[in-house]
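Following: one structure in structure tokens, then a few remarks.
The values are calculated or read from the model by the stated rules, or taken from the named source; none is laboratory data. All values derive from a computational prediction rather than experimental measurement. Using ideal geometry, Cβ is built from the backbone for each residue, glycine included, and neighbour counts are taken over all protein chains shown. Heads up: the accessible areas ignore ligands, DNA and RNA and are worked out on the full protein's heavy atoms, side chains in. Shrake-Rupley method; radii C 1.70, N 1.55, O 1.52, S 1.80 Å.
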Amino acid sequence: LRRGKVPGVTADSFKIGNSPTIYARSYSIIAANESTKEYARNVLGWPEDCLGTLPWPEDTFIKKNLEKMMRETGFGNVNRNRKMHPQKEYMEALLGKPTSMSDLGSFLVNGQKCLCFDVIWDDTQKLYGDVRSYKLNYFLSDDTMEVLPVHTRNDGRDQFPKLLKRSKVPVDIARPNGPKYTWQDLKIGTTINIYRRPMIITSADQFTRKFYASKGVPLRQDFDPIEPYHVQYERQIPPYNGFGSEEDSLRSCTGSIKATPVKKEFFYDRRGQVIRFNARMVSRKSEDKNRRFVIQYFLEDNTMSIREPPIRNSGVVGGSFLGRCPCKHPDGSKILPINFYVGAVVEVNCHKFLLGEADEWSYRLMENDCVGNFPYSDFERLQLVVGQYATEISQYFAKNDLSMITFDDMVVCLTAVGLKLKKQELITIWRKVDRRGKGKVSFMKLVKLAKGQPLHVTIGSGW
């Protein structure tokens, strides 16, 4: 302890007989030198009964050890080394020292012969318990045994060499001086108690079987009383959280080692084909109602991106709202080109967008698609649908006496005759009727479209 102030300790704490506590350690004050006594007497004013000398406290360990030596040797301060290692006793016997002949006959007959058994300890009834395998060696020379654990690769256990060192094991742990285990007690299928560990003997080696056969008690066949249980691991893929690409997130669930990247879906015949829509966010929040977006869908790899044009004094920072990546519906299915048309609601990462008008390139791309990705822009299909109401459309214009019609007039007409079409389909029909984009056309073009007649006359080059 370095020099410093100690909480709760003053000069009066060091009076003879006190026990000051310094950082959770108690010290007994039993004496002081002359200079300390003179200072305490003249300056601190301590009485003489606080300056005496006390005897040293009695050490209970030394006392018990002294009593033990007195009982064993008769001399309290001499260590006679009563416990001797067996190997030392053997070496001294080789050098000529007389030894006891009580166990010599068994040693001369059996030498280092031992019986080897395989045992298991089923500890699965306890928390984190397991089925452990051990080797039990029984030495015939002195009826001792040892238990060695069987280690396997990556078993997650420390490499302890022994569970039980070589010794005699009592049958009943409550009676350590009672009967000990002998080779007659060790048989395949029996359960022995190794210091409160019930172990089942499952097999034996060939020498052990020959030994028991020579004694007239052959051992039974090896058996495995416990069925091996292998944990079945099932990989559970977590749901996609929307961050990064789905391929990267899925790759991180299978391992941390970088592997060859998986080739993404790519359509070479659609390279460079992009459709763009204006969109607005469908939200109950008032601050999101005026936000406008541009959604781009890339047909070459079925990815999409969302950008938000910046608006001054709107309080919202414009720019990239969603980087280019493949997206999914809330049910987990991929967002495909068929989901993009005017008036559609697309939900991306818990945000709903209402698709508005598209640019001219997108309309032409959707109308000229031959794969069927944009059924609402398929003019041939729409012409067959409208052709079923050709008579009603002619009667409508005859009744209302309209010569020139606009897009709104066409919508009213088709609705009046009973056609329920999406806005994308109406735009496709109008783009076919008003090919030059004047905004007004003759009603006869719509009638011709319904009857399947050609809408535009091709004039020869010599006219």
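Specify whether the C-alpha gyration tensor of segment 184-229 places it in the rounded, prolate or oblate class, a ≥ b ≥ c being the square roots of the eigenvalues: rounded for a/c under 1.5, otherwise prolate if a/b is larger than b/c and oblate if not. Mind dumping the intermediate values first?
Values: a/c = 2.81, a/b = 1.47, b/c = 1.91.
Note, shape of segment 184-229 comes out oblate.
Longer than 19 Å from Cα to Cα, which of LYS113/LYS135; LYS113/LYS210; LYS162/LYS215; LYS135/LYS162; LYS289/LYS423; LYS289/LYS352 are they? Say none if no pair is. The partial results should precede the final answer.
Values: LYS113/LYS135 15 Å; LYS113/LYS210 12 Å; LYS162/LYS215 30 Å; LYS135/LYS162 10 Å; LYS289/LYS423 21 Å; LYS289/LYS352 12 Å.
Pairs exceeding the cut-off: LYS162/LYS215; LYS289/LYS423.
Its residues counted as N, segment 337-412 yields a C-alpha radius of gyration over 2.2 N^0.38 Å of 1.43. Counted by Cβ distance under 12 Å from PHE61, the other residues give a net charge of 0, where Lys and Arg count +1 and Asp and Glu count -1. For a straight C-alpha distance cut-off of 25 angstrom, the lysines reachable from LYS68 (same-chain residues fewer than eight places away being disregarded) are LYS83, LYS88, LYS168.
Heavy-atom accessible area for LYS113, with the other protein chains in place and a 1.4 Å probe, reaches approximately 100 Å². Annotation: average projected area of segment 145-243 is 11.2 square nanometres, based on the convex hull of Cα atoms across all directions.
Rolled with a 1.4 Å probe across the full set of protein chains, the surface gives LEU421 an accessible area near 40 Å². Here's how it looks for PHE267: its modeled amide H is under 5 Å from those of ASP301, which are all 5 or more places away or on a different chain.
Given the Cα atoms of segment 294-361, and with Rh set as the inverse mean 1/r over their pairs in the Kirkwood sense, what is Rg to Rh to two decimals?
Values: Rg = 12.7 Å, Rh = 13.0 Å.
Using Cα coordinates only, the ratio equals 0.97.
Whole number please: convex hull volume per residue, Cα atoms of the chain, in Å³. Could the numbers behind the result be given before it?
Details: hull volume 211.1 nm³, N = 463.
In the chain, the Cα hull volume divided by residue count equals 456 Å³.
Bridging of LYS15 to lysines at a Cα separation below 16 Å is possible for LYS37, once same-chain residues fewer than 8 apart are set aside.
Database remark: amide H of ASP123 closer than 5 angstrom to the amide H of ASP130, VAL131, ARG132 (H placed geometrically; neighbours at sequence offset of 5 or more, or on other chains; Pro and chain starts carry no H). Note on MET91: accessible area approximately 90 square angstrom, rounded to 10, probe 1.4 Å, nucleic acids and ligands left out.
Amide H contacts of LEU163 (H built 1.01 Å from N, in plane; Pro and chain starts excluded): VAL147, LEU148 sit under 5 Å, all sequence-distant by 5 or more or on other chains.
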